[in-house]
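Asker: Below is the structure I would like to discuss, written out as structure tokens.
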Ligand code: NAD
């Protein structure tokens, strides 16, 4: 019988929502996992005790260098980031320090220590802008409309430069709106987590705009699977990870209302500046290049998320 190869893997941002789900899966399939996370938005309680955890900042090159030197990673999943769009508008400098300079630190160290591949979490939800053709494919030239989206796109360019110049291997995964267990309801994004908390506590829920904004909600387990497949596939590719299924915020509200037996109506507030009206990403490339497709339908994924909050929070 063929023996599965076990790798030494670094996950930056491994105490965060997507990162901690990825860490769980990597450990389940037998890899050795090291996490670097400064816990600025992550939660150490969500982190598997089987991962080796460094509470460190990706802006600290010297510390990262010591971690790379002592572990000799095969693969690096880079998820650590400043992820708030409004915070990036308020403080673009800090956003760039974390998202661009932090990524550059990792790129240099991946080269220095001969990492086989860097798998980067980017954003399809924010990067393409408001006038993109729907559904949006990777071919469309991004028009980032916030410092967060700019810093993610700049990171993608640096990754490509390191690949062209020094043959570093990579996959760039551009996610649509990710939801699922362990997402914090505290941020301004993550509408599924926010609705879940409000509905389970029977509090008022707010919808910004008329609720007819279209989103492409992808469950975190599907995002994790795309990352795992990228260990072996999708070399030097930029790939959307999405459902390519339209859901309006009003539709989401109604699905979640039923699931939680919530009996209030939403309160509508003015649309927030910078909110994109329609975000829908083509996933044809992911199907072809990774052999991946989204497995969880929204109804099922929402139920899984609500069940998780009911039992874990
Ligand atoms: P998250 O905030 O839960 O995770 C980010 C993690 O990075 C946190 O644990 C945080 O503590 C850590 N971190 C932040 N700054 C750091 C620093 N300077 N040094 C070390 N650690 C630091 O967010 P998430 O939703 O899990 O996002 C993970 C990645 O996926 C991010 O790169 C994000 O841009 C990307 N992404 C997320 C979505 C989504 O819908 N959630 C969509 C597109 C892309």
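What follows is calculated from the coordinates using simple rules that are stated; it is not laboratory data. Here the structure is a predicted model, which means the values were calculated and not measured. So basically every Cβ, Gly included, is an ideal-geometry build from the backbone, and we count neighbours across all protein chains shown.
Asker: What's the FRET efficiency of residue 157 with residue 246 using the Cβ-Cβ distance as r and R₀ = 30 Å, to the nearest 0.05? Walk me through the numbers before you get to the answer.
Answerer: Details: r = 30 Å, r/R0 = 1.00.
Here the calculated transfer efficiency is 0.50.
Asker: Taking a virtual spin label 7 Å from the Cα of residue 166 along the C-beta vector, which residues in segment 93-125 bring their backbone nitrogen under 17 Å of it?
Answerer: 100-120, by backbone N distance to the label point.
Asker: In addition: If you wrap a convex hull around the C-alpha atoms of segment 1-43 and split its volume per residue, what is the figure in Å³? Before the final figure, lay out the partial values.
Answerer: Values: hull volume 2.3 nm³, N = 43.
Dividing the Cα hull volume of segment 1-43 by its residues yields 53 Å³.
Asker: Based on the Cβ-Cβ distance of residue 214 and residue 308, what FRET efficiency does E = 1/(1 + (r/R0)^6) give at R0 = 30 Å, to the nearest 0.05?
Answerer: 0.75
Asker: Modelled label-to-label distance, residue 27 and residue 139, 7 Å Cα→beta-carbon offset: nm?
Answerer: A separation of 4.3 nm, rounded to one decimal place.
Asker: Sorted by average packing, counted as other Cβ atoms within 10 angstrom per residue and highest first, what order do 102-115, 56-69 take?
Answerer: 102-115, 56-69
Asker: Can I ask one more? Using mean Cβ contacts within 10 Å as the protection proxy, how do 304-313, 225-234 order, highest first?
Answerer: 225-234, 304-313
Asker: Is it possible to state the helix-based mean residue ellipticity at 222 nm for the chain, with each DSSP H run of 4+ residues giving -39500 (n - 2.57), the sum divided by total residues, to the nearest 500 deg cm²/dmol? What is it?
Answerer: That calculation yields -11000 deg cm²/dmol at 222 nm.
Asker: Follow-up question, since we're still on this one. Of 48, 245, 70, which is the most mobile in a GNM of the chain whose springs link Cα atoms less than 10 angstrom apart?
Answerer: Checking each option, the largest mean-square fluctuation is seen for 70.
Asker: In nm, to one decimal, how far is the modelled label at residue 5 from the one at residue 284, with both set 7 Å along Cα→Cβ?
Answerer: It works out to 3.2 nm between the two label points.
Asker: Additional query: How many nm separate the modelled label positions at residue 258 and residue 45, each set 7 Å beyond the Cα in the direction of the Cβ?
Answerer: 3.2
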